[in-house]
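Every read-out reported here was derived from the displayed coordinates using simple, explicitly stated rules and does not represent laboratory data. It should be emphasised that the depicted structure is a prediction, and the values quoted were computed from it without experimental measurement. For neighbour counting, all protein chains shown are included, and Cβ atoms are generated from backbone atoms with ideal geometry for every residue, glycine included.
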Amino acid sequence: MAIKIFIDQGHNPSGFFNSGATANGLNESEINYQVGIYLQNLLNSDPRFDARVSRPEPTTVLGTNNTTSLAQRVALANGWPADYFISIHCNLNPNPAIHGTEVYIYQFYTQAQWLAEQIMEGINQVAGTANNGIRENPSLYVLRNANMPANLVELAYLSNIMDAEKLRDDQYGFAYGIFLGIMRYFGFA
């Protein structure tokens, strides 16, 4: 039985509600979309995994407002039902010096934390971002409502020029870092 992984590419396409952050000429939703597609392809090339994405096309819009958009993403994962949920995002900060990767989980000392630690290490290793830590945030809708271990991955900061260059030029690297983390979590690498 394949391990079912649901990949949520955070936010809707540019020009729609809930389209995410923009900075340094980059749109978060577009980066999230492409990293998610790369990750899905990597996972589905291994018969041990079955991966689905929330946005199969760049034009896919989920929900009719922010709340229903989040609810639809979780409903897709819970309804499948997925074994693991990974939501992909990019970060933004008014201070352009802030940079690096964070992974959010619902609660410490859970499978979500062990997965998050491996994903963090994979991204840091492959994409070369700083490790800003695993952070507990039970208020995040997708983490609170997913019926399976869930990670919300903030790949890097659009607002930091060095991170923005990585997000623009190495989307495959971010996906491969997450893939490597998943492989290590399951003891496959």
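For the peptides 155-162, 73-80, the ranking by mean Cβ contacts within 10 Å, running from highest to lowest, is 155-162, 73-80.
Compute, for the range 3-185, the length of the dipole vector about the Cα centre, with Cβ point charges of +1 (Lys, Arg) and -1 (Asp, Glu) only. Units Debye, rounded to 20.
Working: 10 positive and 16 negative charges, 74 e Å.
Value, rounded to 20: 360 debye.
Here the relative contact order of the range 80-131, from alpha carbon pairs under 8 Å that lie six or more residues apart, stands at 35 percent.
Taking 141, 104, 33 in turn, the Gaussian network model of the chain (Cα-Cα springs below 10 Å) assigns the largest fluctuation to 141.
If a/c stays under 1.5 just call it rounded; otherwise compare a/b with b/c (prolate if a/b is bigger, oblate if not). Do that for the range 70-189, with a ≥ b ≥ c from the square roots of the Cα gyration tensor eigenvalues. Walk me through the numbers on the way to the answer.
Values: a/c = 1.79, a/b = 1.39, b/c = 1.29.
Judged from the Cα gyration tensor, the range 70-189 comes out prolate (a/c at least 1.5, a/b above b/c).
So for the range 1-154, averaging the separation of alpha carbon pairs under 8 Å that are six or more residues apart and normalising by length, what relative contact order in percent results?
Here the relative contact order equals 26 percent.
Each peptide in 147-153, 124-130 was scored by the mean count of other Cβ atoms within 10 Å over its residues; highest first, the order is 147-153, 124-130.
Sort the range 30-113 into rounded, prolate or oblate with this rule: let a ≥ b ≥ c be the square roots of the eigenvalues of the Cα gyration tensor; rounded if a/c is under 1.5, and if a/c is not under 1.5, prolate when a/b is larger than b/c, oblate otherwise. It comes out rounded by the Cα gyration axes.
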